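The structure under discussion appears below in the form of structure tokens.
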Amino acid sequence: MKSLNFPRNALIWLLVAITCVYLPLQFQLPIWTLGVFLFVLIWRWMMHLGRWPYPNKTAKVVVVTLGIGAVLISAQGKFHLESATAFILVAGLLKVLEIKTQRDGYIVLFLSFFLIAVNFIFEQGILTALYAIVSIWVLISALIALHQTSFSEQNSRYLIKDASKTAVQVLLLSLPIMLVMFILFPRFGPLWSLNLQSDKAKTGLSEQMSPGDIAELSNSDELVFRVEFSGNQPSNDNWYWRALILDQYQLKGGRALWNNSGKLDQVSWYPKSWQPDQLKGAFDYKIIQEPTRLNWLLSLRGVSAIESGIGMTEDDRIVSKRKLHQRKEYQVRSWPDMTIAKQGLRGFVRQQNLQLDQESNNKSRALAEKIRLENKTDTERVEAALQYYRLQKFSYTLKPERMSRDDIDDFLFNKRAGFCSHYSSSFVFLMRSMGIPARVVAGYQGGELNEDSGHITVRQYDAHAWVEVWLEGIGWKSYDPTAQVAPDRISQGLRNALKNQDEFLSDTGFSLLKLSGFGVFNELRLKLDEFNYYWHQSVLNFNKNRQASKLKEWFGKNFLKNSLYWLAGLFCGFFFLLTLMVLWQKPKAKKDAIDRALDKFNRKLMKQAMQREDNEGLADYSCRLQESYPQHAKSIDRLMQQLQGYYYSQQVINGKDLAKQILQLANKLAKVD
């Protein structure tokens, strides 16, 4: 069967559709895809205007070769989600250039539907969902436009309006089915739970740190996690969210490099892990953490694992059995005031947390020795080191100068301006130089409390590094040397502490956080954050366990299993009844106003034997009527022309007006003797 030609009026919908599909993907794909997109749109539109020709075979081969080559080069020989998406997108765009038939339009639109789904692998927020609904409406409108085969300048607006209206009806009719399927259909792990994406780093904490590294995160407002406490919650200056313990010191190129030695990574998995009693000072809370592609989870100090798949390490952290390739919600219990390792340290642990190189930063070693000799106890030595930061002219900055080869010496005695990683790194160096076990803790500090929903939002710019020092008879105790220099950073958060400076988010593009000083925009930002929080809780985290729990709560035990049987039975019964109706009921064609008026026209003229014959065309019938009724020839000709346009050219005609004209003419002709 010969395929129908591609309708001209469908091109506008098609170009709008592929634009809607492409725009969100551009943030994930190489920038050269923007050039392909603009190239295709311009060429196709010029073809539509008749100014440029269709690409010939040579042009097709060249364009396809360039497109495939660009995908392979940008992928660097690796297959991952971004390269596969870029290939499908480029293939769909290039297909636009050779659309000639209705079938070609189907291919482009079906690829576009697929790419809309692919975008959810990259982002699943509520704005993405709303944007996808609008995009699907455009795609359905384009699909409907593919079947509007009659086109003229006069009816183009009507056809566009009709396609958009029908698409809205389709979406509204599908909404109840979508909701039922969402609630009742068995839940499977989402596609974005698989590690399909490339090694292109998501902004976040690295498993190693050198002075200045964390400062780079201050220019990112990307979401890290949200947390909600059950009942009481600690004050905001105690919101130290632990992620990594960096206890191994290395010197590379004269720069201090801290990472995790792995010597305390032995994991005790729930339910065999330590469980604190319900003591005063313990906090229960829920965290929804964004993907990190790593195993570490976030928590306050004194943490315990209280759900399956989560374990505790010996250095007071929790980890997941699986790497986080998707958003994870988990329950946490912490007792921040608990004593850790008060009884003492094992030999290898003490040695690891005293380890330093012996050939660098001699001035810092001399300072540590001076503090050690001037104070009798380790507690006094710690306080004296903190006082050094308070009394000297240190400053807090997100854009520190690059340190020299002996970076600890350069920071403590020359530059004296840095970020939290500079302060924590130098402080641990001083402690270890005095023979006091110490380690760097990397994580996040602070967060923004949403008063309406009660949840706390933590973003990448809240990344922070502080210190844990082991003291005899006390155990591991947390200290934050950054607070000695910039107390507002701890009490108010980085955004508020730097609100009068130009450093905060200085290298990022548009962000609502930059407008938080304006009341209206800040309210909008907080409300959007609240909606996203509820969206994550109610939709994105609606897994099989939550589904089973909700259905049991609403309808009782085994409802899901029984409902599937009922649904299957209802579908079978519905289709059986529908089949019987098709087989036994005689279809009755519903006539419109024009057809009913023509029936009356024939009945009135039947008395004069001037009714229309069964095989008589409108043109022949018009000639016969004009010969018999010459006094009404013009009216007859005008009416028959309108009927021909209605039946054969599908012109936009007001059916009621045309039916009225038919009946008026019938009455006039019936009165002629």
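Some notes on this structure:
- Check on Glu329, touching a residue at least 12 places away in the same chain (Cβ under 8 Å), surrounded by 14 or more Cβ atoms within 10 Å (Cβ to Cβ), in contact with a helix residue (DSSP H, G or I) (Cβ under 9 Å, 6 or more places away or on another chain) and of a type outside the set (Val, Ile, Thr): yes
- When residues of the range 35-63 are limited to those that are basic (Lys, Arg) and surrounded by 14 or more Cβ atoms within 10 Å (Cβ to Cβ), the one farthest from Asp104 (Cα to Cα): Lys60
- Residues in the range 45-104 that are in contact with a Gly (Cβ under 8 Å, 6 or more places away or on another chain) and under 14 Å from Leu11 (Cβ atoms): 1 in all.
- Matching residues, the range 393-413, being more than 22 Å from Ser218 (Cα to Cα) and surrounded by fewer than 13 Cβ atoms within 10 Å (Cβ to Cβ): Lys393, Arg405
- Close pairs (7 angstrom Cβ cut-off, 6 or more residues apart or separate chains): over 21 Å from Arg489 (Cβ atoms) in the range 393-407, crowded, with 21+ Cβ neighbours inside 10 Å and modelled with pLDDT under 85 anywhere: Asp407/Pro211; Asp407/Ala256
- Among the criteria (1) surrounded by 14 or more Cβ atoms within 10 Å (Cβ to Cβ); (2) at positive phi, the one Val71 does not fulfil is (2).
- Looking across the range 257-311, the residues that are of a type in the set (Gly, Ala, Ser) and closer than 17 Å to Trp241 by Cβ come down to Ala282, Ser299, Gly302, Ser304, Ala305.
- When Gln631, Gln626 are checked against the criterion of being modelled with pLDDT of 85 or more and within 16 Å of Gln641 (Cβ to Cβ), a single residue qualifies: Gln626.
- Selected residue (criterion: farthest from Val16 (Cα to Cα)) from residues of the range 67-111 that are of a type in the set (S, T, N, Q) and assigned to a helix (DSSP H, G or I): Ser74
- Odd one out for Glu401, checked against (1) closer than 30 Å to Leu373 by Cα; (2) more than 35 Å from the chain's Cα centre (by Cα): (1)
- Just one residue in the set Leu29, Leu11 is part of a loop (DSSP other than H, G, I, E, B) and either among the polar types (S, T, N, Q) or modelled with pLDDT under 90 (or both); that residue is Leu29.
- Condition check for Leu94: within 22 Å of Ser141 (Cα to Cα) and out of contact with any strand residue (DSSP E or B) (no Cβ under 7 Å at 6 or more places or on another chain): yes
- Across the range 612-629, a minimum of one residue is classified as among the small types (Gly, Ala, Ser) and closer than 13 Å to Ala670 by Cα.
- Residue in the range 363-382 that is of a type outside the set (Gly, Ala, Ser), assigned to a loop (DSSP other than H, G, I, E, B) and surrounded by 22 or more Cβ atoms within 10 Å (Cβ to Cβ) present: no
- Condition check for Thr33: of a type in the set (Val, Ile, Thr) and within 22 Å of Leu143 (Cα to Cα): no
- Pair list, Cβ under 7 Å, 6 or more apart: the range 300-315 residue of a type in the set (Lys, Arg), other residue at pLDDT below 90: Arg301/Pro336
- Out of Leu300, Leu246, one residue alone is modelled with pLDDT of 90 or more and touching a Pro at 6+ places or on another chain (Cβ under 9 Å). It is Leu300.
- Enumeration of residues in the range 390-409 that are closer than 14 Å to Ser421 by Cα and not in a loop (DSSP other than H, G, I, E, B): Ser395, Tyr396, Asp407, Ile408
- Flag if Gln343 is part of a loop (DSSP other than H, G, I, E, B) and either surrounded by fewer than 17 Cβ atoms within 10 Å (Cβ to Cβ) or of a type in the set (Gly, Ala, Ser) (or both): yes
- Within the range 250-268, one or more residues are among the small types (Gly, Ala, Ser) and modelled with pLDDT of 85 or more.
- Residue ID - modelled with the lowest pLDDT, chosen from residues in the range 212-243 that are under 30 Å from the mean Cα position of the chain (by Cα) and of a type in the set (Asp, Glu): Asp213
- Residue list for the range 435-465, restricted to those being within 20 Å of Ala368 (Cβ to Cβ), surrounded by 23 or more Cβ atoms within 10 Å (Cβ to Cβ) and of a type outside the set (Lys, Arg): Pro437, Ala438, Val440, Ala465
The values are calculated or read from the model by the stated rules, or taken from the named source; none is laboratory data. Just so it is clear, the structure is predicted and the values come from calculations on it, not from any experiment. Backbone-built Cβ (ideal geometry, glycine too); neighbour counts: all protein chains shown.
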